[in-house]
Amino acid sequence: MIELKVENIVASISFAEKIDLDMMAKSVEGAEYEPEQFPGLIYRLSTPKTAMLLFRSGKGNCTGAKNLEDIQKTVDIIADILRKLGVDVYKDLKIVVQNIVAVGDLGGELNLTEVAMALGMENIEYEPEQFPGMVYRVKEPKVVILIFTTGKIVCTGGRNIEDVSKAVEKLSEELNSLGLIH
């Protein structure tokens with residue numbers, strides 16, 4: 001079993017029908033809002049160490065969380081701030097995980113040219129002159145894994161940790177069975 005470390009979880013939340021970002025930027029210390037640069041308001045929290053991007057539509061994106069508990073805490077904090085500003089926050093705030101980024105180690109070195117040939121070029125992007133790693137698109141579960149010669153991997157695109165783990169185990173088993181991990 002390959003140990004994976006979650007580096008970032010991105011989740012979306014619908015807080016309300018609409019949010020007055022100008023009013024929020026003036027009322028909330030630390031809120032960053034420059035609509036000519038980016039259409040959303042950015043609010044960074046130190047505990048948990050996350051950021052919430054809020055939009056006029058009432059929707060938000062939480063980034064930087066390393067676990068689901070941090071996302072829930074962030075959502076609760078933002079919902080409280082919005083309520084104090086008079087925003088009619090929805091009663092049931094549904095958190096939808098959009099992406100999980102995790103890192104791991106396959107436990108050995110790889111010849112990426114051999115790996116590319118073995119895994120089949122239809123699921124691989126490998127241009128060593130452009131990028132030192134290989135992009136491997138796993139079809140089921142739908143996850144993208146960046147693979148490096150050191151055996152280090154970065155997984156992205158999963159919507160739950162089970163899918164990320166399953167994709168990595170699948171890759172590891174395939175590479176081991178082909179004798180490609182040295």
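The values are calculated or read from the model by the stated rules, or taken from the named source; none is laboratory data. All values derive from a computational prediction rather than experimental measurement. Neighbour counts run over all protein chains shown; Cβ positions are idealised from the backbone, glycine included. Heads up: the accessible areas ignore ligands, DNA and RNA and are worked out on the full protein's heavy atoms, side chains in. Shrake-Rupley method; radii C 1.70, N 1.55, O 1.52, S 1.80 Å.
Overview of results
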quantity: The chain, accessible surface, carbon-and-sulfur percent (1.4 angstrom probe); calculated: 52
quantity: Listed values (i) 1.02; (ii) 1.27; (iii) 1.58, entry calculated as Cα Rg over 2.2 N^0.38 Å; calculated: (ii)
quantity: Chymotrypsin sites (Phe, Trp or Tyr not before Pro) within segment 25-58, DSSP loop, no more than 14 other Cβ atoms inside 10 Å; calculated: none
quantity: Table column - 3J(HN,Hα) (Hz), segment 49-59, Karplus curve with 6.51, -1.76, 1.60, x for Gly and Pro; calculated: 6, 9, 9, 10, 9, 10, 10, 3, 5, x, 8
quantity: Three-way shape label, segment 36-87, alpha-carbon gyration tensor, a/c 1.5; calculated: oblate
quantity: Solvent-accessible area per residue for the chain (1.4 angstrom probe, square angstrom); calculated: 57
quantity: Cross-link partners of K5 among lysines (Cα-Cα below 19 Å; sequence separation of 8 or more within a chain); calculated: K49, K66, K142, K152, K166, K170
quantity: For the chain, with +1 on Lys and Arg beta carbons and -1 on Asp and Glu, the positive-most of G133, I78, L180 along the dipole; calculated: I78
quantity: S57 long-range amide H proximity, modeled H, under 5 Å; calculated: I19
quantity: For segment 46-182, size of Cβ-based charge dipole, Lys and Arg +1, Asp and Glu -1, in debye; calculated: 900
quantity: GNM result for the chain, Cα springs below 10 Å: residue of E29, E125, E169 fluctuating most strongly; calculated: E29
